[in-house]
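Here the structure is laid out as structure tokens; the discussion comes afterwards.
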Amino acid sequence: KQEVTQIPAALSVPEGENLVLNCSFTDSAIYNLQWFRQDPGKGLTSLLLIQSSQREQTSGRLNASLDKSSGRSTLYIAASQPGDSATYLCADIKAAGNKLTFGGGTRVLVKP
Amino acid sequence: EAGVAQSPRYKIIEKRQSVAFWCNPISGHATLYWYQQILGQGPKLLIQFQNNGVVDDSQLPKDRFSAERLKGVDSTLKIQPAKLEDSAVYLCASNPLGLTYNEQFFGPGTRLTVL
């Protein structure tokens, strides 16, 4: 069974600290891995998509790495801001049908 | 470009009642997904449509849940009768049809509370 795990479930940091969010997946034959942000009462916003042939993707203060051999992906958010407070979800993607399997998410609070 | 629209945004019902949710995907998107997100968990795929055909409904509780996309555009998801454990956010997503992975675009969701 394909499983995606995110630990910790919640994280609180002071403003300015770097954030490190972890995602583990059981199926090394993933097609892609994607990180999303979810604000309360809102849908999901895509942050970064890493294709299986890539090792990392970067966008502004965000950097996501992918290690298929160990079944792990890490999302780094540099110099965190209160506006980064949200739930972050990772999902692995099977090629067939573009199916997403989500982790449980990490709820992040950045304190001013 | 307008995003994925969902209505209602919130719904409160009593157990054993019926409820329906509506989703209008981004114009031109052939594939539509319904997800269930229970509080504290990640979204779980319920059903996937391509145009007006069902691609995957393996995780849809068919004894009480049904969904349709009659004209290949908007879609409705129905629960009849509702149970307490159906309390969740129901998310709709869509993406274009393609040979490689295409990003799914999510709507704001409908929050269902079953009392």
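Return a yes/no flag: does the stretch A:94-101 have any residue that is touching a residue at least 60 places away in the same chain (Cβ under 8 Å), under 20 Å from A:ALA10 (Cβ atoms), among the small types (Gly, Ala, Ser) and within 14 Å of another protein chain (Cβ to nearest Cβ). The answer is no, given that none of the residues of the stretch A:94-101 is touching a residue at least 60 places away in the same chain (Cβ under 8 Å), under 20 Å from A:ALA10 (Cβ atoms), among the small types (Gly, Ala, Ser) and within 14 Å of another protein chain (Cβ to nearest Cβ).
If the condition is being touching a strand residue (DSSP E or B) at 6+ places or on another chain (Cβ under 6 Å), modelled with pLDDT of 95 or more and more than 10 Å from chain A (Cβ to nearest Cβ), then the stretch B:85-95 contributes B:ASP86, B:SER87, B:ALA88, B:TYR90.
Residue check, A:GLN51 against (1) touching a Phe, Trp or Tyr at 6+ places or on another chain (Cβ under 9 Å); (2) in contact (Cβ under 8 Å) with a residue 40 or more places away in the chain, all met but one. Which one? Answer for A:GLN51: the failing condition is (2). Applying the condition of being surrounded by 12 or more Cβ atoms within 10 Å (Cβ to Cβ) and in a strand (DSSP E or B) to the stretch A:1-11 and asking which residue is nearest to the other protein chains (Cβ to nearest Cβ) yields A:VAL4. Restricting attention to the stretch B:57-95, the residues that are surrounded by fewer than 20 Cβ atoms within 10 Å (Cβ to Cβ), assigned to a loop (DSSP other than H, G, I, E, B) and of a type outside the set (Val, Ile, Thr) add up to 16.
Being more than 9 Å from chain A (Cβ to nearest Cβ), surrounded by fewer than 17 Cβ atoms within 10 Å (Cβ to Cβ) and either at pLDDT 85 or above or assigned to a loop (DSSP other than H, G, I, E, B) (or both) is the requirement here; does B:GLY98 meet it? Answer is no for this residue.
Kindly provide the set of residues from the stretch A:57-112 that are assigned to a loop (DSSP other than H, G, I, E, B) and among the basic types (Lys, Arg), ordered by number. Spell out how you get there, then give the answer.
As a first pass, look at the stretch A:57-112 and keep what is assigned to a loop (DSSP other than H, G, I, E, B): A:60-61, A:68-71, A:78-81, A:85, A:95, A:103-105, A:112.
Those that are assigned to a loop (DSSP other than H, G, I, E, B) and among the basic types (Lys, Arg): A:ARG61, A:LYS68.
Selection within the stretch A:25-50: residues that are polar (S, T, N, Q) and surrounded by fewer than 16 Cβ atoms within 10 Å (Cβ to Cβ). The member of this set that is nearest to the other protein chains (Cβ to nearest Cβ) is A:SER46. Each residue in the stretch B:22-55 was checked for being outside any strand (DSSP E or B), of a type in the set (Val, Ile, Thr) and surrounded by fewer than 17 Cβ atoms within 10 Å (Cβ to Cβ), and 1 of them qualify.
Is it true that some residue in the stretch B:77-84 is under 25 Å from A:SER52 (Cβ atoms), more than 10 Å from chain A (Cβ to nearest Cβ) and touching a residue at least 24 places away in the same chain (Cβ under 8 Å)?
Pass one, the stretch B:77-84, residues under 25 Å from A:SER52 (Cβ atoms): none.
The answer is no; no qualifying residue exists.
The values are calculated or read from the model by the stated rules, or taken from the named source; none is laboratory data. Computed from a predicted model, the values in this text were never measured in an experiment. Heads up, the Cβs are rebuilt from the backbone with ideal geometry, glycines too, and the neighbour counts pull from every protein chain shown.
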